[in-house]
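The values are calculated or read from the model by the stated rules, or taken from the named source; none is laboratory data. This structure is a prediction, so every number in the text was calculated from the model and none was measured. Methodologically, a virtual Cβ is constructed for each residue, glycine included, from the backbone with ideal geometry; neighbour enumeration extends over all protein chains shown. Calculation scope for accessible area: heavy atoms of the full protein, side chains included, ligands and nucleic acids excluded. Shrake-Rupley method; radii C 1.70, N 1.55, O 1.52, S 1.80 Å.
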Amino acid sequence: MADHRPCTARNETPLERADRNFGELLQELRVTQTGVQILFAFLLTLAFTQRFPSLDTFQRATYVTTLLFAVLAAALFTAPAALHRSLFQRGAKARIVQVSSRLATVGMGVLVLAFTGSVLLVVDVTTDRAGGVAAGAATLLVCLGLWGLLPRLVLRAGRAEEHRVAQAQSHPAPRPTEREVIRPRATVRPGASPREPSPRLRRPGMHPTAELMSSRALAAPRR
């Protein structure tokens, strides 16, 4: 019964979570398998071209190594489907997802090497050895940056944003204090000097306007 309790913020059971993760993994593999299939087909047809016999030893070694990397990457990317078919309806969905994720990660690393070898071979044949090595190194750096470094930077930025939000929630901004009461200033007629109210007419808590009116009443001439 413990396997049917909600385990994530999506309010899903472990089995539902495994199904969702496996579906997302298959979507990722479909994208990568397209690139592997195109690369593998290109390498297979390259051996039957007219210029292939003119390749030197280094170029032939690069070709064979790249072809093996492409085959290994294709095998790693198709292994999750074979694993799922072999363990279908045996209650091992969570284990299948875990192993398939590791296979896909290794396959991405092998695919980087296959891309690097392909670019190295093509540029070496079309230009020269130095250009091929430079192009292969640039391909390797780009793949490592986009596939390895970029996810780490995104994860670090997300954690920093969550940390700032947590700090803002734990230390809320102070509430504004009581507003200062702006007392109206007494108007003084032109040419008249303001008079202070008599101390004996001042009462605790008396408003300044009332004090001023009292002082004017005393200063007025009696008839």
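Each peptide among 46-53, 142-149 gets the average number of other Cβ atoms lying within 10 Å of its residues, and from highest to lowest they stand as 142-149, 46-53. Computed from backbone phi with θ = phi - 60° and the Karplus coefficients 6.51, -1.76 and 1.60, the 3J(HN,Hα) list for the range 26-42 is 5, 4, 5, 5, 4, 5, 6, 5, 4, x, 5, 5, 5, 5, 5, 5, 5 Hz; x is used for glycine and proline. Ranking Leu43, Gly91, Leu29 by Cα position along the charge dipole of the range 28-156, where only Lys, Arg, Asp and Glu carry charges on their C-beta atoms, puts Gly91 farthest toward the positive end.
The largest accessible area among Leu44, Leu83 belongs to the first residue in Leu44, Leu83, and the rest follow in falling order (1.4 Å probe, all chains).
Write down the accessible area per residue of the range 47-87 in Å², having rolled a 1.4 Å probe over the full set of protein chains. Please list the in-between numbers first.
Details: 2480 Å² over 41 residues.
Using a 1.4 Å probe on heavy atoms only, each residue of the range 47-87 averages 60 Å².
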